Amino acid sequence: MIVRDHLPWTRVWPQVSKRLGMLFIYDFSIAALYVLGGFHFLAMTALPLTMLGSAIGVFLGFRTSSAYDRWWEARTLWGGLVNYSRTLARQAITLISAPAQEIREVRDTLVKLQIAFVYSLRCHLRGQNPFPELGNILPDPTLAALRRFRNVPAAILLLMSQEIRTAFDRGWLDSIRLTSFDDTLTQLTNIQGACERIKNTPLPRQYDYFPRLLVNFFCLLVPLGFVEGLGLATPIASTIVSFAFIVLDTIGRDIETPFANTVHDTPMTTLTRNIEIDLRQHLGEREVPAEIHPVAGFMY
Amino acid sequence: MPELNILFTTNFSDSCFRAIRAVAQIADAFDIRLTITHATRCKPVPHRDLQSFFAEADHFAECRRITLDGAPGEAVAELTRNERFDLIIAPGSDRIGLPRPFHRSIRTQLIRNVACPLWTTSRGLEAADFRRPIRTVAVALDGWDSNLRHLELASSFAEKLGARLRILTVLPSISEGTLALQAAAPQPLHPDNAISRIEELLSHWHRIPAVDLAIGSPSREIPSMAAASSADILFLSEAQSTGGFFLPGITRTVSHSPCPVICVPSSLSGHFQWSFQKSPAVLPAPMLEPVYA
């Protein structure tokens, strides 16, 4: 996620440079043919351009809005994950009434499984192997058990559920508390499912294909509408207008995939670290990992 | 002692962030010691930035972060002279959208000046899935390259991981040049002969790896073959990874590879070996001769 005030040109330019460069050459050719070559039939009235530009503006606005909805939903889901992680830790610490010698172990196990869940969910969404990180959080037998599962975060939720069931069977929880634990786990399952839905379901391809096609077509028409009035200055004006449409097209494409390992992603590394710090402090640990700060204006 | 002492060089680019997933894949397969470094001769970056980069590594068994002062290529080379590393991670730089006719590739400098294998990536690995372990190790075998250290390292790498080893080799299209090269050869340049020759050279191996062969330009065919064989990592020699006389740079084979690449410099000393490698090396000395000679 970009947190710096301004977006550096080095981020925008590589994405639009090829299209803009080709358009500039095309615009220059049109201007030269019209002014120097006498091909006056190339000029066209501005009316079709205005109408097409308005239609594309609506189309691009709708597409960008749909992409933003996905991006914002992803961020909201991770905000919910932060809240439910704290809730589960609070429940584990305050609702279980185990004997003094066992209470510490039960709480630690549940809270660390929750930390492992958020780490593994982040890795799951990014296509990353979670085990090097989990090795520092969970004991080896648990890791070995988790390696058998394709969906590690779902397996961790199952382990947590089994731990809670064991506590219930031993009489450390009553059925009301068990239900509240189960509600929290269900919310975590829902968050994971929603993140997987965003990750695995792209925006309909028509939303991607037609705006791009129409923007390209529009950019080809722009110099034809400008050349009669602007002459050899056409490439400059035409490229600026084209840039505005191309950037709108690019923004939508950037943010439509919030778990795609780009700078536009939900900052899952930072969020998972914040959750870990909070939960370890809830457990009473004094030494917690350092906070993550934006690197060069970007949070990952 | 770790199995792999890894040096991760970063300039905090998007490519470096994307490489994190591949490093995690290696960290799961090997017992690693990770050093994350940023070298610059301009304004030093805040230590906080270096601490926050690749925060995931704080949970790895061994991880440290150091800032180097100086030109990146030279500073990293200096560091590797003072400390032994088994692998240098150097992701490619981000696109800038402008031609860079006088750009000096830091990766090329590292491959040519540092006696250590270099791990790098091409663009477009955003969608790659690094959750599963490395199952297929590919190695490109150039028929006229007499330095086969990359084959030796790839073999050890695959053996350690229990992965399949695939040899990718490309015969050039027939031209006057190839006819001249073949004039002194004992056998005609034919795909069957090339495969037989490779199999003969590897005959002492316990399990002869699969050999994929294509005809055409190596820089085009090797990435295609790596994709077709679902390679998780590709080993290349220095000659296959770098090119250019006046302004040396990374070859198309690397930049178009569908998977991460480990470039093995030809300056790699005969004594260099990974700690998990069998000693003596897998390939006997007579193997180190041109395959199609």
Seminar exercise, completed: In terms of the alpha carbon gyration tensor, root eigenvalues a ≥ b ≥ c, rounded if a/c is under 1.5 and otherwise prolate when a/b exceeds b/c or oblate, the protein assembly as shown is oblate
For this session: Go ahead and run the numbers for FRET between residue A:17 and residue B:48, Cβ-Cβ distance against an R0 of 35 Å, rounding to 0.05.
Result: 0.65
Exercise. Picking from A:75, A:177, A:122, which is most flexible by a Gaussian network model of chain A using Cα springs under 10 Å?
Worked result: A:177
For this session: Evaluate the distance, in nm, between pseudo-label points positioned 7 Å from the Cα of residue A:197 and of residue B:69 along their respective Cα→Cβ axes.
Result: 5.5
For this session: With +1 on each Lys and Arg Cβ and -1 on each Asp and Glu Cβ, and nothing else charged, work out how big the dipole of the stretch A:143-184 is about its Cα centre, in Debye to the nearest 20.
Result: 320
For this session: Taking just the C-alpha trace of the stretch B:62-160, give me its Rg and Dmax in Å.
Result: 16.1, 42
Problem set entry | Radius, Kirkwood style, for the stretch A:1-137 when every pair of distinct Cα atoms is counted (Å) | 21.5
For this session: Calculate how large, on average over all directions, the projected area of the Cα convex hull of chain A is; give the answer in nm² to one decimal.
Result: 19.3
Problem set entry | Highest-MSF residue in chain B out of B:139, B:45, B:170 [GNM, Cα springs under 10 Å] | B:45
Problem set entry | Computed Kirkwood radius, in angstrom, where 1/r is averaged over Cα pairs of the stretch B:1-144 | 16.2
Seminar exercise, completed: Zone reached by a paramagnetic label modelled 7 Å from residue B:78 Cα along Cα→Cβ, restricted to the stretch B:24-51 with backbone N below 14 Å, covers B:38-42
For this session: Choose one of B:110, B:55, B:141: the residue whose Cα lies farthest towards the positive end of the charge dipole of chain B (beta-carbon charges +1 Lys, Arg; -1 Asp, Glu; about the Cα centre).
Result: B:55
For this session: With r as the distance between the Cβ atoms of residue B:3 and residue A:140 and R0 = 25 Å, compute the FRET efficiency 1/(1 + (r/R0)^6) and round to 0.05.
Result: 0.90
Exercise. Which value in nm describes the separation of the simple spin-label points at residue A:62 and residue B:115, placed 7 Å from the Cα toward the beta carbon?
Worked result: 6.6
Seminar exercise, completed: Per residue of A:291-297, other chain Cβ atoms within 10 Å number on average 6
Exercise. For residue A:288 and residue B:127, what does the FRET efficiency come to when R0 = 22 Å and r is the distance between their Cβ atoms, rounded to the nearest 0.05?
Worked result: 0.05
Seminar exercise, completed: Once Lys and Arg are counted +1 and Asp and Glu -1 for all other residues with Cβ under 13 Å from that of residue A:133, the total becomes +2
Exercise. Relative to the first principal axis of the alpha-carbon coordinates of chain A, what is the inclination of helix A:46-94, with its axis defined by its Cα atoms, in degrees from 0 to 90 and to the nearest 10?
Worked result: 10
Problem set entry | Descending principal axes extents, the stretch B:59-100, alpha-carbon based, whole Å | 39, 27, 19
Exercise. GNM, chain A, Cα, under 10 Å: largest mean-square fluctuation among A:67, A:237, A:116?
Worked result: A:237
Exercise. Using a basic spin-label model with each label point 7 Å from the Cα along Cα→Cβ, how many nm lie between residue A:179 and residue B:275?
Worked result: 5.5
Seminar exercise, completed: In degrees, nearest 10, the alpha-carbon axis of helix B:72-82 is tilted away from the dominant principal axis of the alpha carbons of chain B by 80
Exercise. Roughly speaking, what is the centre-to-centre gap between the stretch A:200-225 and the stretch A:245-267 when only Cα atoms are used, to the nearest Å?
Worked result: 16
Exercise. Rg/Rh for chain B: what does it come to with C-alpha atoms and Rh from Kirkwood?
Worked result: 0.97
Seminar exercise, completed: To the nearest 10 degrees, the tilt of helix A:268-282 (Cα long axis) against the first principal axis of the alpha carbons of chain A is 20
Exercise. In the neighborhood of residue A:160, defined by Cβ-to-Cβ distances under 14 Å, what is the net charge if each Lys or Arg adds +1 and each Asp or Glu adds -1?
Worked result: -1
Exercise. Rounded, prolate or oblate: which one fits the stretch A:228-300, using the alpha carbon gyration tensor with axes a ≥ b ≥ c (rounded when a/c is under 1.5, else prolate when a/b beats b/c, else oblate)?
Worked result: prolate
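A short reminder: the numbers here are calculations on the coordinates, not readings from a lab. Every value quoted in this text rests on a predicted model; they were computed, and no experiment measured them. When we count neighbours, we look across all protein chains shown, and the Cβ atoms used for this are built from the backbone with ideal geometry, even at glycine.
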